[in-house]
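*Asks:* Sharing a structure below in structure tokens format, with a few things to ask.
Nothing in this text is a laboratory measurement; each read-out follows from the coordinates by a stated rule. For clarity, every value in this text was computed on a predicted model and none was experimentally measured. Methodologically, a virtual Cβ is constructed for each residue, glycine included, from the backbone with ideal geometry; neighbour enumeration extends over all protein chains shown.
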């Protein structure tokens, strides 16, 4: 029988052994153990004869197909995983007769034999290791001396079948990090799929201005732009950012509080490394961005999800269950992904709780600049009188993602904290490229940044209206979308019984990238939803994407579309 056996075939016949069969199996087990012992006696007459017999076969190379052995589903206690040693002709020859014992004599209890392309290699005295020809660098299993080959044991765990714990490809922490990512299609290279969120409109960015500024510093460079002199960031950019944050976001900061980082996620990484110890409890909004969860996992923190209502993170849950938390991560200006704005009363309550608990607050102002009704909301940090708020932001969503320039603002009147953060910044990646920082400083100082923001607010507000209009026309009964006063995406609520994971999977088949709300939640969501970004798409692309989404959602519900 060729191929991997079915599970029911693998389990059939175990435990129904007659006396004659038991003695037969004991004989075969003894023969295999005797063979291993024999070949330990290197230099003996039997060893010399058998070596010469089997050596020509192994000189044919690894392609010689020793293919009969019982599969991992039907293993024995004697199997263990060992680190393989370098292969020699002696190792190969020594194990040949052991293989023949299984080839010729040994049979599975149900008297069937399965074909697996393997080769047997000796690794330690008295034991042999099996290697798959398809994966010659990965050991399959090892047989040690003095064991009962017919003894039944539990099935091999799935992880053990792939390799030993000490030789697995990634660590347990790495597996946890990978599991954080949503199991849906991600945007690759090529034309962007609707409705990818948190992506600016690149066609509207003034690249001619940007390239001129880059060329200015590339053609006439100063020596301080090419060294390691600016660990905390290019000084003039720090000054410009501090001035902008004071005026536009009511942040209390000076240039020496600003640290330039590649983005908000790295800013959070720096804050967790400097303020948290492994095992500390950190609170985050639920649902919330899965990348933030990954940062806390890397820091060894214990992540505690806190639900969000119409006023922001629920402080009653925090006070009742997590009063010993060391840090809380919030997005008060525009909660991601639900889009609510934290009320003033909730902000003051959060600051009061942090003061009493001695906890740090990380305020991520990821897209607070994009507010379509009135002026942008003042920052939480501006209300803080106890210096407990770490403020972070990024230019990736405002300008373009590959710029990779963000900032972290340490609390005022804490020079010791600023020095510690700068030292921690050195341990991460020393510093960013300086020429783009100098160009960005000019871009902001010369007024291009504020003009670009005004244009984008107007453009993105119109695109949100287009998406809402198309959704009302095409998605009635399939998706419920409500207007938002800020941000770069909308939340589309599915019918109560629908699965957002399945809806996202079906939408992906129709070239629509709509991430499910449950992918951002640590706890089960009460109602599924899809996250629909609109800022990077023009009217034609939005309407075409809505039509494809309609087809996908109708297919998911088994409804025919006209």
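*Asks:* If each of residue 465 and residue 426 carries a label point 7 Å out from its Cα toward its Cβ, how far apart are those two points in nm?
*Replies:* 5.4 nm
*Asks:* Can you list the residues of region 503-540 with backbone N under 17 Å from a point 7 Å past the Cα of residue 480, pointing along Cα to Cβ?
*Replies:* Counting backbone N atoms under 17 Å from the label point, the list is 517-518, 525-532.
*Asks:* Shifting gears a bit: On average over all directions, what projected area in square nanometres does region 421-513 have, based on the convex hull of its Cα atoms? Show your work: numbers first, answer last.
*Replies:* Values: hull surface 42.3 nm².
Projected area, direction-averaged: 10.6 nm².
*Asks:* While we're on this one: Mind checking the log10 I(q)/I(0) for region 222-446 at q = 0.17 Å⁻¹? Debye, one equal scatterer per Cα, no solvent, two decimals.
*Replies:* -1.25
*Asks:* What would the Debye formula give as log10 I(q)/I(0) at q = 0.12, 0.13, 0.23 Å⁻¹ for the alpha-carbon point model of region 224-324, no solvent?
*Replies:* Results for region 224-324 at q = 0.12, 0.13, 0.23 Å⁻¹ read -0.57, -0.65, -1.15.
*Asks:* Next question, about the same structure. Can you compute the modelled spin-label distance between residue 250 and residue 539, with each label point 7 Å from Cα toward Cβ, in nm?
*Replies:* Going by the 7 Å Cα→Cβ label model, 3.7 nm.
*Asks:* Give the calculated FRET efficiency between residue 400 and residue 320 to the nearest 0.05, with a Förster radius of 30 Å applied to their Cβ-Cβ distance. Don't jump to the answer; show the numbers that get you there.
*Replies:* Values: r = 43 Å, r/R0 = 1.43.
That pair, residue 400 with residue 320, gives E of 0.10.
*Asks:* FRET efficiency for residue 458 and residue 211, Cβ-Cβ distance as r, R0 = 22 Å, nearest 0.05?
*Replies:* Working: r = 24 Å, r/R0 = 1.11.
With R0 = 22 Å, the Cβ-Cβ based efficiency is 0.35.
*Asks:* Out of all DSSP beta bridges in region 253-315, what portion is antiparallel? Express it as a percent rounded to 5.
*Replies:* Working: 2 of 8 bridges.
Given both bridge residues lie in region 253-315, the antiparallel proportion sits at roughly 25 percent.
*Asks:* For the ranges 471-478, 394-401, what's the packing order if you count other beta-carbon atoms within 10 Å of each residue, average per peptide, and put the highest first?
*Replies:* On the way: 471-478: 15.4, 394-401: 20.2.
Ranked from most to least packed, the peptides come out as 394-401, 471-478.
*Asks:* If the chain between residue 298 and residue 505 were fully stretched, how many nm would it gain, using 0.36 nm times the residue separation less the Cα-Cα distance? Mind dumping the intermediate values first?
*Replies:* Working: separation 207, 0.36 × 207 = 74.52 nm, distance 2.85 nm.
Answer, rounded to one decimal: 71.7 nm.
*Asks:* Take every DSSP beta bridge whose two residues both sit in region 222-446, then give the antiparallel share in percent to the nearest 5.
*Replies:* On the way: 10 of 27 bridges.
Given both bridge residues lie in region 222-446, the antiparallel proportion sits at roughly 35 percent.
*Asks:* Run the paramagnetic zone check for residue 243: 7 angstrom along Cα to Cβ, then residues of region 434-475 with backbone nitrogen under 20 Å.
*Replies:* 435-454
*Asks:* With labels modelled as points extended 7 Å from the Cα through the Cβ direction, what inter-label distance (nm, one decimal) is found for residue 226 paired with residue 175?
*Replies:* 4.9 nm
*Asks:* Within a 10 angstrom radius of the beta carbon, how do 530, 214 rank from fewest other beta carbons to most?
*Replies:* Values: 530 26, 214 18.
Ordered from fewest to most neighbouring Cβ atoms within 10 Å, 530, 214 come out as 214, 530.
*Asks:* So, one more: Ranked by Cβ crowding within 10 angstrom, fewest neighbours first, how are 281, 341 ordered? Before the final figure, lay out each step's value.
*Replies:* Numbers: 281 19, 341 22.
With the sparsest Cβ surroundings first, the list reads 281, 341.
*Asks:* Using Cβ counts within 10 Å as a stand-in for footprinting exposure, how do 540, 455 rank, fewest first? Before the final figure, lay out each step's value.
*Replies:* Values: 540 9, 455 14.
Fewest-to-most Cβ neighbours within 10 Å comes out as 540, 455.
*Asks:* If you don't mind, another one. Using a Förster radius of 25 Å, what is the FRET efficiency between residue 433 and residue 202 based on their Cβ-Cβ separation? Nearest 0.05, please. All intermediate terms of the calculation are to be shown ahead of the outcome.
*Replies:* Working: r = 20 Å, r/R0 = 0.80.
FRET efficiency, residue 433 to residue 202: 0.80.
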